[in-house]
Amino acid sequence: MHARPHSAIPYCETVNTSTKVIERLREQGIPYRANDNIANWLEAGELDAIQEEAETHVRALLQSLVIDEDHNTAGTARRVAHMYVREVFKGRYQPQPAITEFPNAKNLDELYTVGPITVRSICSHHLCSVTGNAWLGVIPGERVIGLSKFNRVTDWVMSRPQIQEEAVVQLADTIERLIEPRGLGVVIRATHSCMTTRGVREHETTLTTSVMRGALREKPEARSEFMSIVRGQEF
């Protein structure tokens, strides 16, 4: 995948860390879109510097909004920068969690479903929260992984600014790459605060997205079995 063309970075006498990282990514043709992971291209100490730089800009944003730095907002810029870099956007800056694989020694070929897995993400359109659940249906191939690893990988993929329609595909791609299953299904159902706290302010609306691969796409009975389990676990 090739990076899209970008406008030139404005010249400044002191080149900040984000500019250095962007130039490095561009030189190597590495995309750095909102839902991309750039952990492998960060050098030692750069993530700390990015957090410090973000803190400066959050403080400037508060000033632009004419919000005084009072007893409640004195540490807001620092807290917000830490939250984005270390928590809600951590899937951009941290490497994939370590995954221990096991051989499918008994040649298991029946469907198993993991879920509901809590989903926490951020909409890249308004930087508003996205919360919900994910379900993963797997017909194993030659390798299997521990159940908790599905939760860790889901959290890693979802902890990025993105849209749900792309996130479900990205999660499916990641699981498929890790275990190469005979069949895979991924369903995400979530509530978007960009709809509940702004805009239409519709509190009852959820978005459901799904991806089916392999046997779950090709065999209606396998897909129906997975979806019936998902429906039975919805709250």
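Each reported figure results from applying straightforward, stated rules to the coordinates on display, with no laboratory input. Fair warning: this is a prediction, and the values are worked out from it, not measured in the lab. Neighbour counts run over all protein chains shown; Cβ positions are idealised from the backbone, glycine included.
Brief remarks follow.
- Among D173, D70, D36, residue whose mean-square fluctuation peaks in a GNM of the chain (springs only between Cα atoms under 10 Å): D70
- Tail weight of P(r) past 14 Å, computed on alpha-carbon pairs of the range 19-92, percent: 66 percent
- Per-peptide average of other Cβ atoms within 10 Å, ordering 204-211, 187-194 highest first: 187-194, 204-211
- Value at 222 nm in deg cm²/dmol, rounded to 500, when DSSP H runs of n ≥ 4 in the chain each add -39,500 (n - 2.57): -11500 deg cm²/dmol
- Classification of the range 44-86 by its C-alpha gyration tensor yields a prolate form. The axis ratio a/c (a ≥ b ≥ c) is 1.5 or more, and a/b outweighs b/c.
- Across all directions, the shadow cast by the convex hull of the range 46-161 built on its C-alpha atoms averages 9.3 square nanometres.
- Over the range 155-213, the fraction of Cα-Cα pairs per 5 Å bin, rounded to whole percents and listed from the shortest bin up, is 4, 17, 24, 21, 16, 9, 5, 3, 1.
- Between A39 and V66, the distance separating the two model label sites (each 7 Å from Cα on the Cα→Cβ line) works out to 4.4 nm.
- Cα gyration tensor shape of the range 126-227, rounded if a/c is under 1.5, else prolate or oblate by comparing a/b with b/c: prolate
- Counting Cα-Cα pairs of the range 77-139 in 10 Å increments starting at 0 gives whole-percent bin shares of 15, 33, 29, 16, 6, 0.
- Degrees separating the helix 164-179 axis from the principal Cα axis of the chain, which is the longest one: 60 degrees
- Taking Cα atoms only, the orientation of helix 46-64 departs from the longest principal axis of the chain by about 60 degrees.
- The alpha-carbon of K149 sits under 29 angstrom from the alpha-carbons of these lysines, leaving out residues fewer than 8 places away in its chain: K90, K106, K219.
- Across the chain, the fraction of Cα-Cα pairs farther apart than 26 Å, rounded to a whole number, is 48%.
- Mean separation of Cα pairs under 8 Å and 6 or more residues apart, divided by the residue count, gives the chain a relative contact order of 17 percent.
- Using alpha-carbon coordinates, inclination of helix 220-233 to the longest axis of the chain, degrees: 60 degrees
- Overall form of the range 179-218 per C-alpha gyration tensor (a/c, 1.5; a/b vs b/c): prolate
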